[in-house]
1. Condition (residue is among the charged types (D, E, K, R) and crowded, with 21+ Cβ neighbours inside 10 Å) applied to region B:292-301: is it met by at least one residue?
2. Please go through region B:474-505 and give me each residue that is within 13 Å of B:LEU441 (Cβ to Cβ) and out of contact with any strand residue (DSSP E or B) (no Cβ under 6 Å at 6 or more places or on another chain), ordered by number.
3. Considering only residues that are at the interface with another protein chain (Cβ under 7 Å from one of its Cβ atoms) and under 30 Å from B:GLU145 (Cβ atoms), which ones fall in region A:24-71?
4. Determine whether region B:484-499 contains at least one residue that is in contact with a Lys or Arg (Cβ under 9 Å, 6 or more places away or on another chain), modelled with pLDDT of 90 or more and more than 30 Å from B:ILE161 (Cβ to Cβ).
5. Need at least 2 residues that are more than 12 Å from every other protein chain (Cβ to nearest Cβ) per element, so show me which strands (runs of 3 or more DSSP E) inside region B:242-354 make the cut, counting only ones lying wholly within it.
6. Yes or no: B:ARG365 more than 10 Å from chain A (Cβ to nearest Cβ), on the phi < 0 side of the Ramachandran plot and either in contact with a Ser or Thr (Cβ under 8 Å, 6 or more places away or on another chain) or of a type in the set (Asp, Glu) (or both)?
7. With respect to B:ASN236, determine if the residue is within 28 Å of B:ILE350 (Cβ to Cβ) and not aliphatic (A, V, I, L, M).
Amino acid sequence: MFARGLKRKCADGDEDMEGALASLQRQSLLDMSLVKLQLCHMLVEPNLCRSVLIANTVRQIQEEMTQDGTWRVMAPQTAGQAPRDRLVSTEILCRAAWEQDGELPAPGSADGDAPDLVSHLCGAPSAPAPRSTQGCVWDVDGPGEDRGSLQKSLDQIFETLESKTPSSVEGLFGDMDSPYYDLDAVLTGMVGSKSARRPLPSSLFRGQGGFLQAGRPPGPA
Amino acid sequence: MLLSLPALHLQTSEYHPLFQLPHRRLGPWCSPTGSPAPLSCETGCGEGSWILVCRLLVPTQVSLLSMEEDIDTRKINNSFLRDHSYATEADIISTVEFNHTGELLATGDKGGRVVIFQREQESKNQVHRRGEYNVYSTFQSHEPEFDYLKSLEIEEKINKIRWLPQQNAAYFLLSTNDKTVKLWKVSERDKRPEGYNLKDEEGRLRDPATITTLRVPVLRPMDLMVEATPRRVFANAHTYHINSISVNSDYETYMSADDLRINLWNFEITNQSFNIVDIKPANMEELTEVITAAEFHPHHCNTFVYSSSKGTIRLCDMRASALCDRHTKFFEEPEDPSNRSFFSEIISSISDVKFSHSGRYIMTRDYLTVKVWDLNMENRPIETYQVHDYLRSKLCSLYENDCIFDKFECVWNGSDSVIMTGSYNNFFRMFDRNTKRDVTLEASRENSKPRAILKPRKVCVGGKRRKDEISVDSLDFSKKILHTAWHPSENIIAVAATNNLYIFQDKVN
């Protein structure tokens with residue numbers, strides 16, 4: 001269980017137990033949220049309310065981690081921006097909806113979606129360039145290899161998160177009977193990655209590989 | 001592309017095994033068993049003790065009937081009641097709503113069907129049948145669609161049903177799925193015209209040259225039929241998912257709200273609507289808040305409220321401007337720092353908002369509480385009721401399994417003195433605003449015999465579990481009561497538990 005595992009794993013650390021525990025919880029919550037976001041994103045039209053709430057949770061965790069310095073890796077491409085800009089973007093969640101928007105203005109609505117439409121046609125609506133690559137990763141009509149690698153990488157994620165059983169997804173999102181802290185693998189992954197690199201959300205969501213690059217070090221500046 | 005992943009599709013997989021139901025009224029359930037022994041109701045809910053009146057299942061096979069056919073539901077439902085073992089995802093009830101007199105009760109389900117129940121006529125020798133509802137009409141309101149342009153499946157699930165006030169012999173209701181609102185007319189027919197000579201038996205027009213006389217048709221009585229006909233289809237106005245519809249007190253307009261916009265419609269005009277709220281940011285990256293529910297004031301046709309995922313409620317006045325992007329009132333409770341966690345925002349997200357019948361109060365439901373707000377006080381609610389506070393320590397797990405995103409609804413009783421909302425494990429809660437007493441009841445077949453008084457349930461919070469208590473860890477989170485309805489004037493409630501509809505009635509009543 002959690003307490004025992006923690007003791008064992010953190011024996012070498014000099015942080016006090018409570019602090020470590022809190023940061024472990026935070027980290028596993030972050031990991032869980034990122035997986036949820038990723039899965040949201042695979043839907044053509046995700047539940048917007050849920051996606052926004054999860055994204056806000058990630059932002060909150062990220063902000064806190066940035067403050068206490070546990071958020072270590074900075075994305076090269078965003079290095080020059082203010083911290084706020086590096087926070088995870090909701091845009092990715094809403095991609096489907098955002099895409100439709102230009103095509104389906106509310107009848108009689110005066111505000112008009114014309115700007116959206118225009119920017120949509122231009123391919124990169126009012127956003128920095130990296131975003132334009134994001135579409136093809138998830139696009140239904142995207143290249144076959146992308147889909148394949150996506151699936152493979154997702155499998156990798158699940159394997160990382162739950163290394164014991166093949167039914168990793170169930171392990172992660174399973175029923176109430178398995179308490180949250182039974183996600184031993186998550187904790188293992190966290191402890192293991194403490195010294196290692198963490199993916200940066202902006203690169204997570206903008207780069208071609210997104211979250212799937214988690215295992216690799218961030219690209220060169 | 002839709003991937004069925006456990007994380008996103010929380011399956012309410014378990015259905016009770018059940019005998020085949022021979023009759024629409026579920027024979028054994030409603031058979032007169034004499035008046036049950038008056039059980040002592042220790043807790044005393046604010047509204048007395050409740051008895052199960054009937055349990056209704058949604059009749060199946062509706063989708064096989066075409067809309068053009070005259071559907072005699074009274075005949076259909078005798079033979080097509082759904083067996084539990086065949087119950088599917090499509091049978092799960094997704095909305096429940098009484099009409100304005102309480103004579104009719106409509107349910108919508110995930111399969112796009114609407115089932116209307118009618119209250120049993122009162123008769124002197126069958127007093128025990130008071131409050132019983134029988135199937136009146138069933139129809140397929142929405143069909144699954146596929147948007148080829150967006151490569152998008154549009155579910156047929158009925159998100160909301162709202163009745164229009166009755167103005168003639170026919171009944172009208174609005175039903176909506178994620179994208180399209182439909183206006184349905186439900187009417188009875190017990191006569192048919194006979195003796196036309198302009199058409200032949202098959203209904204084809206005769207050659208006018210062969211007709212030498214004009215015969216006036218006569219109306220002949222026939223078996224009562226209940227017809228449901230779609231009268232208006234309000235489509236193509238919502239980019240996001242419609243979560244609420246609300247009929248205005250002017251009876252001429254209604255609004256439909258999705259995640260980011262609210263539109264105002266006239267019942268007569270289907271190709272045009274007015275956008276009255278739009279919170280979509282120019283840059284979707286900045287999106288941090290969505291609209292979760294919206295409702296018109298019951299008496300003031302210019303006033304409406306909408307709630308958000310950040311736990312706030314905005315009251316808007318349509319007289320102020322065409323686009324109500326500036327609220328008139330803003331209801332928000334300051335956050336309690338002692339309860340702060342990463343889940344604070346998620347659990348404060350409002351899943352339902354309802355005006356009281358008087359129009360003086362607003363009730364909101366968030367994940368753990370129900371709150372009552374006075375329209376004249378914006379900085380905090382006047383009442384807060386804990387629905388299942390014992391889940392506060394379980395939020396991590398509930399986030400993990402996505403239960404934390406469940407959208408529980410809430411309802412007022414007819415006099416605004418009691419409020420009701422659902423919980424897990426087929427539990428639902430009632431709070432008496434005057435006595436401050438509350439009760440937890442269970443809608444389940446195992447634990448409620450017809451006409452017997454419902455036993456209040458208790459969830460054990462820490463310490464030793466008493467005999468009749470249930471521990472938090474053994475709650476079944478797949479059995480959730482999201483949708484309930486309260487009769488507009490009497491103490492009769494309808495509680496939807498997966499594919500079952502339970503009707504309970506106050507014993508004292």
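The values are calculated or read from the model by the stated rules, or taken from the named source; none is laboratory data. On a predicted model such as this, the values are computed, not experimentally measured, just so you know. For neighbour counting, all protein chains shown are included, and Cβ atoms are generated from backbone atoms with ideal geometry for every residue, glycine included.
1. Narrowing region B:292-301 to residues among the charged types (D, E, K, R): B:295.
Then drop every residue that is not crowded, with 21+ Cβ neighbours inside 10 Å, which leaves B:295.
Yes, there is a match, as at least one residue in region B:292-301 is among the charged types (D, E, K, R) and crowded, with 21+ Cβ neighbours inside 10 Å.
2. B:ALA497
3. Within region A:24-71, the first condition is being at the interface with another protein chain (Cβ under 7 Å from one of its Cβ atoms), and the residues that meet it are A:29, A:32, A:36, A:39, A:42-45, A:48-50, A:52-53, A:56-57, A:60-61.
Of everything in region A:24-71, those that are at the interface with another protein chain (Cβ under 7 Å from one of its Cβ atoms) and under 30 Å from B:GLU145 (Cβ atoms) turn out to be A:LYS36, A:LEU39, A:MET42, A:LEU43, A:VAL44, A:GLU45, A:LEU48, A:CYS49, A:ARG50, A:VAL52, A:LEU53.
4. Within region B:484-499, none of the residues are in contact with a Lys or Arg (Cβ under 9 Å, 6 or more places away or on another chain), modelled with pLDDT of 90 or more and more than 30 Å from B:ILE161 (Cβ to Cβ).
5. On the way: elements: B:244-247, B:253-257, B:261-266, B:274-278, B:291-296, B:303-308, B:313-317, B:329-331.
Correct list: B:244-247, B:253-257, B:291-296, B:303-308, B:313-317, B:329-331.
6. Working: more than 10 Å from chain A (Cβ to nearest Cβ): yes; on the phi < 0 side of the Ramachandran plot: yes; either in contact with a Ser or Thr (Cβ under 8 Å, 6 or more places away or on another chain) or of a type in the set (Asp, Glu) (or both): yes.
For B:ARG365, the condition - more than 10 Å from chain A (Cβ to nearest Cβ), on the phi < 0 side of the Ramachandran plot and either in contact with a Ser or Thr (Cβ under 8 Å, 6 or more places away or on another chain) or of a type in the set (Asp, Glu) (or both) - is met.
7. Taking the combined requirement at face value, the residue satisfies it.
Here's the yes/no breakdown for (1) under 30 Å from A:GLN62 (Cβ atoms); (2) surrounded by 16 or more Cβ atoms within 10 Å (Cβ to Cβ); (3) among the charged types (D, E, K, R); (4) more than 24 Å from the chain's Cα centre (by Cα):
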{"position": "B:PRO337", "(1), (2), (3), (4)": "yes, no, no, yes"}
{"position": "B:PHE342", "(1), (2), (3), (4)": "yes, yes, no, yes"}
{"position": "B:ILE347", "(1), (2), (3), (4)": "yes, yes, no, no"}
{"position": "B:SER356", "(1), (2), (3), (4)": "no, yes, no, no"}
{"position": "B:TYR367", "(1), (2), (3), (4)": "yes, yes, no, no"}
{"position": "B:ASP389", "(1), (2), (3), (4)": "yes, no, yes, yes"}
